[in-house]
1. Of the residues ALA322, ALA335, which is in contact (Cβ under 8 Å) with a residue 60 or more places away in the chain, small (Gly, Ala, Ser) and in a loop (DSSP other than H, G, I, E, B)?
2. For the stretch 602-619, which residues satisfy the criterion of being within 36 Å of the chain's Cα centre (by Cα) and not in a loop (DSSP other than H, G, I, E, B)?
3. Among (1) closer than 24 Å to LEU171 by Cβ; (2) of a type outside the set (Phe, Trp, Tyr); (3) modelled with pLDDT under 95; (4) surrounded by fewer than 18 Cβ atoms within 10 Å (Cβ to Cβ), there is one condition ARG280 misses while meeting the rest; what is its number?
4. Can you list the strands (runs of 3 or more DSSP E) found entirely within the stretch 620-697 that contain at least 1 residues being polar (S, T, N, Q) and over 44 Å from the mean Cα position of the chain (by Cα)?
5. Picking from LEU181, LEU202, LEU219, which residue would you name as being surrounded by 19 or more Cβ atoms within 10 Å (Cβ to Cβ), over 25 Å from ILE406 (Cβ atoms) and either modelled with pLDDT of 95 or more or not assigned by TED's automatic domain parsing to the domain that holds VAL254 (or both)?
6. Within the stretch 559-570, is there a residue that is crowded, with 21+ Cβ neighbours inside 10 Å and either within 27 Å of THR466 (Cα to Cα) or out of contact with any helix residue (DSSP H, G or I) (no Cβ under 8 Å at 6 or more places or on another chain) (or both)?
7. Of all residues in the stretch 140-165 being at negative phi and not in a helix (DSSP H, G or I), which is modelled with the lowest pLDDT?
8. Residues being among the acidic types (Asp, Glu) and part of a loop (DSSP other than H, G, I, E, B): count how many of those fall in the stretch 430-475.
Amino acid sequence: MTRRTPKLSAERAPGTWRLLGAPLAGYLLLTLALTYPLITQFGSAIPGDGFDGWQNYWNLWWIKRALVDSATSPFFTGLLYYPTGVSLLFHTLNPFNGLFTLPVQLSAGLIPAYNVAVLFCFAAGGFGAYLLARHSLGPGRCSRPAAFVAGLIFTFAPVHIAHLLGHLQVLSLEWIPFYALYLLRIVERRRARDALLAAFFLVLVALCDWYFVLYCAILTAVVLIYYVAAALVAGQAERLKSRLRRGWGAVAVVAAAWLLFALIVSPVLAPMVREAGQSRYMVPDPAQSRLLSADLLAFVTPLEFHPVWGAWARAAGRLFSASPSEHQVFVGFTALALAGLGVWVGSKRRGKAGAIALWLLVLLSFFILSLGPVLHVAGRSQLLPGGRELALPYGWLSNQIPFMDITRSVSRFDIMVMLVIAVLAAWGVRWLLGLGRAGRAAGLLLSALLLFEFFPAPYPLSQPDTPAWYRTLLTDKRPGALLNLPMNWDRPGYLLYQTVHQKPLTVAYISRDDPRTLTERAPVLQELRHLGPDIIEFDLRQGRQVLNDLGIRWVVLDRYKMPGGRERSYTEETAAQVFAGQTPVYQDERLTVFEVTPPDQAIPYLVLASGWGAFDPQQSGRTLLGSASLLIQAPAAGHVELRVKTAPGGLALDVPYQNGTYVETLAVQAGANEVVLRAQNVGAQVVVSGLAVRPVP
């Protein structure tokens, strides 16, 4: 007699709430508890320290503005870095949250939309880890509660809680465990349906953060290498042949899933690849990956938001090179103990040792990657004799794996460490629950202890501090852009204010500075950016002409953003020269607002174009490699004298060289006139320390 297995849908239909709804509701309720007092200010504040959160707040606003109000692509905006606009391909735009919360934003506003995204990230992240752990554990009476604990460990891990400070894109890790689940299903069953679902969740991962796509790619590589290697070490020839066939079959199905993913995201991925091939602005300074790596000691340093030992943890955290949101990679002593128990239990079970070995390999891979290019312990990297550093694989891999050098915050690999810890801990919890009443009591106690270790409440909240003048500006229908000062570094608060006044911004805070904007290329903006002169010699008393040509109508000095020092003194002195004799159109204890009016007399001036290196304070100059161009902005046709300060013989100019300066007379037309400076020797590096232009009578 043949026993028929009931269909899966028939098995689940009576208990859908218990199997799926109850865990999801549990994670949601716990999120409300662990993010307290967010629920009490759900419509008036967002969680975080009032910095990067406003950038992600702006992201939600921009998605709605682009798709609903303008019906345009959200991956380029003319509202930032006006008048050039700027690409958002390498910005942490997080389109998924913008789309998912769009109904909330349209009906209730931006703050509730942001907070709904927060709740969803935590609840769905826990639920995904729950499903992954259930798959790993297999059927059993204790599997569901054990898997629920896995979800707690993953979604409430300190690395997740820490990024609640403002990194909404990092909070959006919820789709990673779903992809991991279907990746495992592919290698186990090699079904097309699993490949389709893996590709679907990869798309969702990419819509949240491209960092996570890299993590999924590395996870995929480790899993496939393990399965193919496991086939190669099989004992019998026939068994080896069969295993290899299954292993390579799984590789083919996984490759199909990634190919489908690439096709779906190609409208965004293709221009990203093209942009990365043409420019390097999206690649951070390698020193940043060193600073933002996980410190070995940080894995056992408790959460800094904890109400009991948070102060001690913050003091200990000052040793680490990374910022607070990046260095909090605490594993949790309870989670670590349960994972250790899970490894012991799983390795003893028949047929499960291989699965445990795979998880350990994944754990080791991401743990080592999270440590960055060199090992840091208590903030120190010179750990070897003679003050040498211990190099780690990340430094080599970042030069070998395409686009890996674009990553900056290396410690975020800990997200994958915690996913593995969560799954392994589920094995330990299930074993405890199977011991009877005492085991269940121990499991409940350890779960409570786990939540206590990760408990961050009361979590800091930030309310928008938008000055009232910006609401008045919304009613001003005249065209023109806004220049917020100070601008020596980018402040996300200006993005918050834009969601109110909705005027274009001359400078802005995005994830990767784009050198094609005018921030460091145009006079006046250069001085305000670096709090000092650049290589363009320019009379700031003529600054209104530059601002007017750039379409800037309002210049706003915010004293709350520059409490003192050179930041304040130089910014105010520069504004005083630009607006000499002009009365502000608005002023209070915080803001001073000038309206840009055309100057009485226009003169020619210079703007840097392409080919220039960054300003080097030590050399007091900028480098051109082979050639670089500049623009002469002329108010009328005529002749101008161009002066270039550099070493003799450096440039291919057949003009007089006097007192360290090349002098050339040029005929110009009204508007922008491009001039290309070339090195005397092809491809040579030339340092230019000064550029000036003046009209020839």
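1. Among ALA322, ALA335, only ALA322 is in contact (Cβ under 8 Å) with a residue 60 or more places away in the chain, small (Gly, Ala, Ser) and in a loop (DSSP other than H, G, I, E, B).
2. Hits for the stretch 602-619 are LEU606, VAL607, LEU608, TRP612, ASP616.
3. Every condition holds for ARG280 apart from (1).
4. 661-668
5. Only one candidate qualifies: LEU181.
6. No, there is no match, as no residue in the stretch 559-570 is crowded, with 21+ Cβ neighbours inside 10 Å and either within 27 Å of THR466 (Cα to Cα) or out of contact with any helix residue (DSSP H, G or I) (no Cβ under 8 Å at 6 or more places or on another chain) (or both).
7. So, considering only residues that are at negative phi and not in a helix (DSSP H, G or I), the one modelled with the lowest pLDDT is ARG141.
8. Number satisfying all stated conditions: 1.
The values are calculated or read from the model by the stated rules, or taken from the named source; none is laboratory data. All values derive from a computational prediction rather than experimental measurement. No Cβ is skipped: glycine too gets one built from the backbone with ideal geometry, and neighbour counts run over all protein chains shown.
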